[in-house]
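Take a look at the structure set out below.
The values are calculated or read from the model by the stated rules, or taken from the named source; none is laboratory data. Please read these numbers as outputs of a predicted model, since none were measured by experiment. Note: ideal-geometry Cβ built from the backbone for every residue, glycine included; neighbour counts use all protein chains shown. Quick note on the areas: whole protein, heavy atoms, side chains included, nothing else; ligands and nucleic acids left out. Shrake-Rupley method; radii C 1.70, N 1.55, O 1.52, S 1.80 Å.
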Amino acid sequence: MNDAGRDSQGRRRRALVTGASSGIGQAFAERLARDGYDLIVVARRRDRLEALARRLSPESSVSVEVVSADLSRDDGIAMVESRIARELELDLLVNNAGFGAYMPFVELPPERAAELIRLQVLAVTLLSRAALPAMVARGSGAVINVSSRLAFSASLPSPPLPRRAVYAAAKSYINTFSRILANELAGTGVRVQALCPGVVRSEFHEVQGMDASRFPVGIMSPEDLVDASLAGLARDEVVCIPALDDPGLFAAIDASERRLLEESHGGEVSKRYDSTRG
Ligand SMILES: NC(=O)c1ccc[n+]([C@@H]2O[C@H](COP(=O)([O-])OP(=O)(O)OC[C@H]3O[C@@H](n4cnc5c(N)ncnc54)[C@H](OP(=O)(O)O)[C@@H]3O)[C@@H](O)[C@H]2O)c1
């Protein structure tokens, strides 16, 4: 077992990963097990989670608890919240469960939009709310929220990008939530990361009937993505964009937001609206 799995008192660390039955979540569970973390793995497909637990437990000598829950439902969220609240020593929460629902907004079934928002906005928020008080009290811990590069895509047309208004907006929520939380928690010893993958090999596109291998972009392995996320977390990278070589590009967004806020704090309406006033 790697030392990353033990804290300074030699206590075994514990992580909860949502969406661990496939793709990126499964790769997080595998890497964290190798690092010696005891795991709580969450998704709807219990059979997949149990197969993962049967493989990881003996392979890495860690305990793997399976929680089958639908995190787009209030009762599923509540079940995992209460598991976390009882689990006072959670070291890492990975809010990863998600799906895409790429289609024109006017054709997106309203219940599918609501499901997406409950899973990728509400569950992320409430599970973080459940986990963070104990981490802050202990002075250590981390939350990784899996977002997407598409959170930065609001100005780009679709096509060629997928039709994605609700998905990309949910991921923008995750980015803003994570960035503000990271600021709020500075100095507490607790880290927060928004992980922004590009196209990653998983079932994400397949479940939407899409073939990602036909996209004109590179496809990252979930294992590389997870390694980058944990390396980024270790260096306090709040927004982790694994394929981006120049982090200065993100710093420029930060600077531009600050400037926009500074230049728009007045109580007077901008002159450019003068001609439209009665
Ligand atoms: N793959 C990409 O190209 C890509 C790019 C950017 C961001 N992401 C993000 O990465 C995250 C993981 O996706 P992935 O690529 O690994 O896709 P995936 O292989 O389809 O895995 C999605 C995971 O989410 C779980 N999940 C879905 N709905 C759920 C629900 N209602 N309740 C509980 N768990 C649920 C699934 O488990 P069950 O079906 O068993 O519940 C599965 O474990 C998502 O947040 C996605 O938005 C992916």
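Dimensions of region 136-183 based on its C-alpha atoms, expressed as ranges along the principal axes with the largest first, amount to 47, 15, 14 Å.
Label-to-label distance for Ser158 and Glu257 is 2.2 nm, based on points extended 7 Å past Cα in the beta-carbon direction. You can think of it this way: the chain between Ser275 and Ser57 has 71.5 nm of extra reach, that is 0.36 nm per residue less the Cα-Cα gap.
For region 73-136, just run the numbers: alpha carbon Rg, then divide by 2.2 N^0.38 Å, N being how many residues it has.
Values: Rg = 14.0 Å, N = 64, 2.2 N^0.38 = 10.7 Å.
Rounded to two decimals, the normalised Rg is 1.31.
For region 1-133, the fraction of 1.4 Å probe accessible surface lying on carbon and sulfur atoms is 50 percent. Between Gly139, Gly23, Gly209, the GNM of the chain built on Cα springs shorter than 10 angstrom shows Gly209 fluctuating the most. Inter-part distance, region 209-238 to region 125-181, computed on C-alpha centroids, equals 15 Å.
Note on Ser264 and Arg129: the model spin-label points, each 7 Å out from Cα along the C-beta direction, lie 2.7 nm apart. Using a probe of 1.4 angstrom and keeping all protein chains present, the accessible surface of the chain works out to 53 square angstrom per residue.
Shape analysis of the chain based on the Cα gyration tensor places the equivalent ellipsoid semi-axes at 33, 23, 18 Å, largest first. Taking the chain as a Gaussian network of alpha-carbon nodes connected by springs under 10 Å, the highest mean-square fluctuation of the residues Val106, Val146, Val217 belongs to Val106. With the convex hull drawn over the C-alpha atoms of region 1-95, the volume per residue is 79 Å³. Roughly what % of DSSP beta bridges within the chain run antiparallel, to the nearest 5? Expressed as a percentage, antiparallel bridges in the chain total about 5.
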